[in-house]
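The values are calculated or read from the model by the stated rules, or taken from the named source; none is laboratory data. Computed from a predicted model, the values in this text were never measured in an experiment. Quick reminder, even Gly has a Cβ in these numbers, built from the backbone with ideal geometry, and neighbours come from all protein chains shown. Surface accessibility is based on the protein's heavy atoms, side chains included, excluding ligands, DNA and RNA. Shrake-Rupley method; radii C 1.70, N 1.55, O 1.52, S 1.80 Å.
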Amino acid sequence: MRVVSGIQPTGNLHLGNYLGAIRNWVKMQDDMATKGGECLFFLADLHAISLPHNPAELTANTREMAAALIACGIDTDKSILFNQTQVPAHSQLQWLLTGTARMGWLNRMTQWKDKAGKNREGASIALFTYPVLQAADVLLYQATHVPVGDDQKQHLELARDIAQKFNNDFGAGEDIFTLPEPIIPPEAARIMSLRDGAAKMSKSDPSDMSRINLTDDADTIMQKVRKAKSDAEPLPSEKAGLAGRPEAENLVSIYAAMEGSSVDKVLSQFGGQGFGAFKPVLGDLLVAKLAPIADRFNALRSDTAAIDASLRAGAEKASALAQPTLDRAYAALGLLR
Ligand code: TYM
């Protein structure tokens, strides 16, 4: 097994990232210790330049996100943690794969459509080719499993399409790339905004009240949960009763994911109760689970020398794992080196 996944170092780590992806990273890392195999986790800093950004903030955010991942349980003795920029093989393979990826495939990416909006002519080329870099990120390491939230599923399918076409066109009967499987958590595939049950919780939402950041203090978490959009009905006793109630469904899913149980179990406990009773219990659970992460993060974040040394060491290990696949890809394309 080879587990590979990434996160953009833009803004804070929020509850959607944590429940949708990072918690699974930690689980898979710990499983791997008994099963054998490697985990590689990286900060997708090259992806972060596809939208307007502030260079000084990107440097700071890259270090902070590394500290946040370690605070969440990523252990640099068990996993390889690095930032994309320090492994040039990512950009090199991306270019090789742009010969295989089709314009039509990229044009269908919903994230491209959402982020470019009506201003496609003004969007950066990086925003359009972004999923090819993401394909390179995982194919470079022969990833077998990629733990992500639901919003990345389409990008993973594209990575599989690119791998398959490259293997067919240039593999001469052999598979140069492994087709990676997405690993998506059932109860937290898509955590929604606290202000709008139809929008995913996201770093780019202008309202900080829409998300819970892993660094929020207890008062802020309680306030955000208290003010979260909900409805006037009591909670149902079964999952089917959440149909058409996206905000209620989101809050119950957050509780279930945070507690490590299921939506059905939470409803069997809280069915019949209103949000006046449920929200404080949810807030307490979030505070209890997130406080130790915030404490670890605050202890780690200021030691930039230690963070930089960890990222450098991770990048060296990642580069060594990437090299054979990169060499094979160059050779398969007939590029003389
Ligand atoms: P990013 O930085 O937007 O998010 C990091 C991870 O968090 C998950 N996630 C969510 N899960 C559930 N509910 C939400 N509201 C929510 N918001 C974010 C994402 O699905 C993701 O798993 N393009 C990627 C980064 C990337 C990558 C890769 C991932 C670059 N290369 C290779 C996997 C493999 C991104 O922007 O994720």
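Brief remarks follow.
- Within segment 187-217, considering residues that are among the basic types (Lys, Arg) and under 19 Å from the mean Cα position of the chain (by Cα), the one least open to solvent (accessible area, probe 1.4 Å): Arg211
- Check on Leu133, open to solvent by less than 10 Å² (accessible area, probe 1.4 Å), at pLDDT 95 or above, within 16 Å of the ligand (Cβ to nearest atom) and of a type in the set (A, V, I, L, M, F, W, C): no
- Contacts under 6 angstrom Cβ, first residue in segment 301-317 being in contact (Cβ under 8 Å) with a residue 60 or more places away in the chain, partner aromatic (Phe, Trp, Tyr), 6 or more apart: Leu311/Phe82; Gly314/Phe82; Ala315/Phe82
- Residue tally, condition under 25 Å from Ala67 (Cβ atoms) and in a loop (DSSP other than H, G, I, E, B), over segment 214-244: 4
- Here is the figure for segment 5-18: residues that are hydrophobic (A, V, I, L, M, F, W, C), outside any loop (DSSP other than H, G, I, E, B) and more than 6 Å from the ligand (Cβ to nearest atom) total 1.
- Pair list, Cβ < 9 Å and 6+ apart or interchain, from segment 260-273 residues that are in contact (Cβ under 8 Å) with a residue 12 or more places away in the chain to residues that are in a loop (DSSP other than H, G, I, E, B) and open to solvent by less than 10 Å² (accessible area, probe 1.4 Å): Val266/Leu235; Leu267/Leu235; Phe270/Leu235; Gly271/Leu235; Gly272/Leu235; Gln273/Leu235
- Test: residue in segment 174-186 that is part of a helix (DSSP H, G or I), out of contact with any strand residue (DSSP E or B) (no Cβ under 6 Å at 6 or more places or on another chain), within 12 Å of the ligand (Cβ to nearest atom) and open to solvent by less than 70 Å² (accessible area, probe 1.4 Å): no
- Selection count where residues are in contact with a strand residue (DSSP E or B) (Cβ under 9 Å, 6 or more places away or on another chain) and either open to solvent by 50 Å² or more (accessible area, probe 1.4 Å) or under 26 Å from Gln94 (Cα atoms) (or both), scope segment 32-62: 13
- Here Asp77 clears all of (1) touching a Phe, Trp or Tyr at 6+ places or on another chain (Cβ under 8 Å); (2) more than 28 Å from Asp196 (Cβ to Cβ) except the condition numbered (1).
- Gly104 vs. criteria out of contact with any Lys or Arg (no Cβ under 9 Å at 6 or more places or on another chain) and at pLDDT below 95: no
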